[in-house]
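Accompanying notes for the structure given below.
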Amino acid sequence: MEEKMAYKNNLITGITELLVLKILEQQDSYVYEIQKMINNNSEHLLSISLNTIYTVTYKLENENLISEYSKLVGKKRTRVYYHLEETGKEYLTKITANYNNMIDGVNHIINFLGGNLNE
């Protein structure tokens, strides 16, 4: 059972990584804004926790794929924004291709089995 959870967590983290980078390709964003964009643009089919997004942004920043900067909002509040670096753009291209290949492979299997994975 632990193995199943680890796989599920890896899958969620991988998808979150792809989505965060894709959003940052469009515009610099802060974590809550990223979460809202994922929820709204997936028609609320995806619900990714702030904790997962924070974990992914820390990882991406440590790998120099994104950077952060602070911006004053209002009189006292500071927000941390994330920015996609050039290395992050290259990485996004690679993982997008990998994701599309994986989805194509899964779709081929589903179509081969007549749309029913239980057979």
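For this structure, a couple of remarks:
- Which numbered condition Thr55 fails, given (1) part of a loop (DSSP other than H, G, I, E, B); (2) surrounded by 11 or more Cβ atoms within 10 Å (Cβ to Cβ); (3) not aromatic (Phe, Trp, Tyr): (1)
- Of all residues in the stretch 16-48 being modelled with pLDDT under 95 and under 22 Å from Leu84 (Cβ atoms), the one that is surrounded by the fewest Cβ atoms within 10 Å (Cβ to Cβ): Asn40
- Taking first residues from the stretch 10-29 that are closer than 18 Å to Thr93 by Cβ and outside any loop (DSSP other than H, G, I, E, B) and partners that are of a type in the set (D, E, K, R) and modelled with pLDDT of 95 or more, the Cβ contacts under 9 Å between residues at least 6 apart in sequence or on separate chains come to Glu17/Lys59; Leu21/Lys89; Ile23/Glu33; Glu25/Lys89.
- Single match in Leu65, Leu92, Leu84 (criterion: in contact with a strand residue (DSSP E or B) (Cβ under 8 Å, 6 or more places away or on another chain) and without any contact (Cβ under 8 Å) to a residue 60 or more places away in the chain): Leu65
- Selection status of Tyr81, loosely packed, with under 11 Cβ neighbours inside 10 Å, outside any helix (DSSP H, G or I) and at pLDDT 95 or above: no
- Every test in (1) out of contact with any helix residue (DSSP H, G or I) (no Cβ under 7 Å at 6 or more places or on another chain); (2) surrounded by 12 or more Cβ atoms within 10 Å (Cβ to Cβ); (3) aromatic (Phe, Trp, Tyr) is passed by Phe112 save one, and that test is (2).
The values are calculated or read from the model by the stated rules, or taken from the named source; none is laboratory data. Not measured: the values here are computed from a predicted model. Note: ideal-geometry Cβ built from the backbone for every residue, glycine included; neighbour counts use all protein chains shown.
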